[in-house]
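For reference, the structure discussed in these notes is given below.
The values are calculated or read from the model by the stated rules, or taken from the named source; none is laboratory data. Keep in mind that what you see is a predicted model, and the values were worked out from it rather than measured. Virtual Cβ from ideal backbone geometry, glycine too; neighbours counted across all protein chains shown.
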Amino acid sequence: MPHSIMPASPAEHIAALQLLFQHFPPQESLARIATALPLVQNAPRHHLKLLVAHGDQGLVGAMLMQALPGGTGIVWPPQVAPASTEIEDELIRSALAWLREQGSRLAQALLETDEVVLAEPLCRHGFTNPTRLWYLRHNLDWPPELLHAPGPLTFQSFREVNRDAFYLTLMRTYRDTQDFPELNGLRSLEEVLQGHQAAGFDPGRWWLASEGAQAAGVLLLAESDDPAEWEIAYVGVVPEARNRGLGTELVRRAMHESKQAGMRSLTLSLDARNEPAWKLYRKLGFEPFAAREAFLLSIRGQFD
């Protein structure tokens, strides 16, 4: 039997979110609804969409998705009651079509361990689960002299640097990366920059690192939801400069700048497959505090 798939009306927002978070304990479900409802109510239509499915019994399915700057779309797995793979598939097809219209090249779902069971409908449509995403935090309890110990790198902020040199170095750091290599080639330079800038762009917190006259890497810091915390949005070293301790110096610079700015802590996220980075961060004192399973789908193919 065909079902109508359409954006949720304002009157349906709460019921749709209740359906979407139906698998969680009551308190957890209420907390998620309280977080999602203002986003659904206030987000521009071209950024976030709550889809619903209607059948003979009224609202029977829901799915939430968000188009982010930089060619990435976030999805929450569809929920249908009573269960129906047909309606799940209709919701997913509509969600992916909408994300394509917004220019998304990649769709992803980041799920906690107890949420992974919800990803089965996504996997039917080609989503894969290549890795786990770890979240780490440092409380910046090192003394300043250790955080800012002399090293071989010199730093220029984005305000000072030649922009072409910065962009070229940034793209070179992605070569042979162990952090989400599935993303390589999917997005243009402009989309990569849009994605990073959406995290809270401040040209004074983006740096080009050089070793002598040669560009060696980049460091991008961003604000987080916590006003006393910054985030390492990205740190990368060009291939020919790797395995010489320069990544450690870049991260120490991030810690120093954060502490100098009065931040209480510094966070980052990390592909679990990136063992060298994991060892580096743990050696510097970063502690894991959360994890998500990453489900990914290329929805527009390679960037030419």
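Give the residue that is modelled with the highest pLDDT, with candidates limited to residues of region 85-110 that are among the hydroxyl-bearing types (Ser, Thr, Tyr) and either touching a helix residue (DSSP H, G or I) at 6+ places or on another chain (Cβ under 6 Å) or buried (at least 18 other Cβ atoms within 10 Å of the Cβ) (or both).
Per the stated criteria, the residue is SER94.
Between a first residue in region 170-198 that is farther than 22 Å from GLY247 by Cα and a second residue that is assigned to a loop (DSSP other than H, G, I, E, B) and of a type in the set (A, V, I, L, M, F, W, C), which pairs have beta carbons less than 7 Å apart while being 6 or more apart in sequence or on different chains?
Pairs that qualify, where the first residue is farther than 22 Å from GLY247 by Cα and the partner is assigned to a loop (DSSP other than H, G, I, E, B) and of a type in the set (A, V, I, L, M, F, W, C), are GLY185/PHE303; LEU186/PHE303; ARG187/PHE303; SER188/PHE303.
Being touching a residue at least 60 places away in the same chain (Cβ under 8 Å) and of a type in the set (A, V, I, L, M, F, W, C) is the filter; apply it to region 150-165 and report the residue that is surrounded by the most Cβ atoms within 10 Å (Cβ to Cβ).
Result: LEU153.
Of the residues in region 200-212, how many are modelled with pLDDT of 95 or more and part of a loop (DSSP other than H, G, I, E, B)?
0
Name the single residue that is farthest from GLU275 (Cα to Cα) among those in region 162-199 being part of a loop (DSSP other than H, G, I, E, B) and of a type in the set (A, V, I, L, M).
Filtering first and then ranking leaves ALA198.
Just to be sure before I move on: is ALA149 among the hydrophobic types (A, V, I, L, M, F, W, C) and assigned to a loop (DSSP other than H, G, I, E, B) in the structure I sent?
Against the criterion (among the hydrophobic types (A, V, I, L, M, F, W, C) and assigned to a loop (DSSP other than H, G, I, E, B)), ALA149 qualifies.
Is one or more of the residues making up region 237-244 surrounded by fewer than 21 Cβ atoms within 10 Å (Cβ to Cβ), farther than 23 Å from LEU147 by Cα and under 17 Å from the mean Cα position of the chain (by Cα)?
No, region 237-244 has no match at all.
Just give me the residues in region 186-240 being among the β-branched types (Val, Ile, Thr) and over 21 Å from LEU266 (Cβ atoms), in sequence order.
Residues satisfying the conditions are VAL192, VAL238.
Checking ARG132 against (1) under 20 Å from HIS196 (Cα atoms); (2) surrounded by 15 or more Cβ atoms within 10 Å (Cβ to Cβ): exactly one of these is not met. Which one?
(1)
For region 258-270, enumerate the residues that are charged (D, E, K, R) and at pLDDT below 95.
LYS259
So, in region 213-242, how many residues would count as being within 18 Å of PHE180 (Cα to Cα), at pLDDT below 95 and assigned to a loop (DSSP other than H, G, I, E, B)?
Summing the residues that are within 18 Å of PHE180 (Cα to Cα), at pLDDT below 95 and assigned to a loop (DSSP other than H, G, I, E, B) in region 213-242 gives 1.
Could you run through region 250-286 and say how many residues are within 23 Å of GLU115 (Cα to Cα) and among the charged types (D, E, K, R)?
2
Residues in region 17-35: is at least one closer than 20 Å to ALA119 by Cβ and touching a Phe, Trp or Tyr at 6+ places or on another chain (Cβ under 6 Å)?
yes
Take the residues in region 245-283 that are over 23 Å from the mean Cα position of the chain (by Cα) and not in a helix (DSSP H, G or I), then tell me which one is surrounded by the most Cβ atoms within 10 Å (Cβ to Cβ).
Once the filter is applied, the top-ranked residue is GLY245.
Filter region 52-66 for residues that are under 22 Å from the mean Cα position of the chain (by Cα) and surrounded by fewer than 23 Cβ atoms within 10 Å (Cβ to Cβ) and give the result.
Listed by number, the list holds a single entry, GLN66.
Here are some residues: LEU168, LEU147. Which one is under 30 Å from GLN214 (Cα atoms), among the aliphatic types (A, V, I, L, M) and surrounded by fewer than 17 Cβ atoms within 10 Å (Cβ to Cβ)?
LEU168
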